[in-house]
1. Only one of Ile102, Ile142 is touching a strand residue (DSSP E or B) at 6+ places or on another chain (Cβ under 7 Å) and either among the acidic types (Asp, Glu) or at pLDDT 90 or above (or both). Can you tell me which?
2. So which residues in region 137-151 are in contact (Cβ under 8 Å) with a residue 40 or more places away in the chain and either among the acidic types (Asp, Glu) or more than 14 Å from Leu194 (Cα to Cα) (or both)?
3. Can you confirm whether Thr162 is modelled with pLDDT of 85 or more and out of contact with any Pro (no Cβ under 6 Å at 6 or more places or on another chain)?
4. So is Thr172 touching a Leu at 6+ places or on another chain (Cβ under 6 Å) and in a strand (DSSP E or B) or not?
5. Just to check your reading of the model, which residue among Val139, Val168, Val198, Val150 is within 22 Å of Leu22 (Cβ to Cβ), in contact with a helix residue (DSSP H, G or I) (Cβ under 7 Å, 6 or more places away or on another chain), buried (at least 19 other Cβ atoms within 10 Å of the Cβ) and among the aliphatic types (A, V, I, L, M)?
6. Inside region 132-151, can you point out the residues that are of a type in the set (D, E, K, R) and part of a strand (DSSP E or B)?
7. I'd like the residue in region 127-136 that is more than 14 Å from the chain's Cα centre (by Cα) and in contact (Cβ under 8 Å) with a residue 12 or more places away in the chain and, out of all such residues, is farthest from Asp109 (Cα to Cα).
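The values are calculated or read from the model by the stated rules, or taken from the named source; none is laboratory data. In this text, all values refer to a predicted model and were calculated from it rather than measured experimentally. Using ideal geometry, Cβ is built from the backbone for each residue, glycine included, and neighbour counts are taken over all protein chains shown.
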Amino acid sequence: MFHHPVICVLECVRDGKVDEALVADMLEAADSGYLYRIRQDTSQVGFCVSSGWTRIKGDFRNFSGGLALVPESRHTEPAEQAMVIIQTASLDTRSSVVEDIIRGEGFFDVAHFPEILFVSNGFEWTGEDSARIFGDLTVRGITRAVVFNVTLTPLHQEGNGTVERMQVKASTTINRSDFNMDSMSGLVSDTVTLCMSVEAVRYRG
């Protein structure tokens, strides 16, 4: 059983983290059948970064979000929206030592910053199944503009062409120093690749 994909966002609105108009658009998309929720158990959200001795890969086990894809014929303004919230304490690197370091004050500082938040503010189709999603990424309480390169692959369609499930792959590159994560700069690269491969399922109220 899945939670409504914007319930977690409504919690953020109370803290002023997400514009209420954006939440309203996603709720409208949910009511109209054009909101796709991230299915956590069949999705991966994580990052890769190079260090002096290896390439570190981390995955987050607890995240939620949704993607609104309202047809142009049903909306007078661009209606594609995306939102993802990640719980930083759910980090898994397959190494307890590495996890303790990355969860600590020099990196994610999960005790003080329990969430990573991405909220879109622009969507540009670059092909039939590819797009760029523009938005704001908030890490450690610092917000920076990012652009995700995205591919959207239908996994199941109804006879009328409505996509019920899709695979969404998205990636972008950030500098961790932009988010005050500059510990171990001599050993760990400043460049971090954020990547996700998620199954998005059409929400049925």
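1. Going through Ile102, Ile142 in turn, the sole match is Ile102.
2. The answer is Arg140, and nothing else.
3. Against the criterion (modelled with pLDDT of 85 or more and out of contact with any Pro (no Cβ under 6 Å at 6 or more places or on another chain)), Thr162 does not qualify.
4. Yes.
5. Val139
6. Arg132, Asp136, Arg144, listed by residue number.
7. By that ranking, first place goes to Asp129.
Okay, residues lined up against (1) closer than 24 Å to Thr42 by Cα; (2) of a type outside the set (A, V, I, L, M, F, W, C); (3) more than 16 Å from the chain's Cα centre (by Cα); (4) part of a loop (DSSP other than H, G, I, E, B):
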position	(1), (2), (3), (4)
Val98	no, no, yes, no
Gly106	no, yes, yes, yes
Val119	yes, no, no, no
Thr153	yes, yes, yes, no
Arg165	yes, yes, yes, no
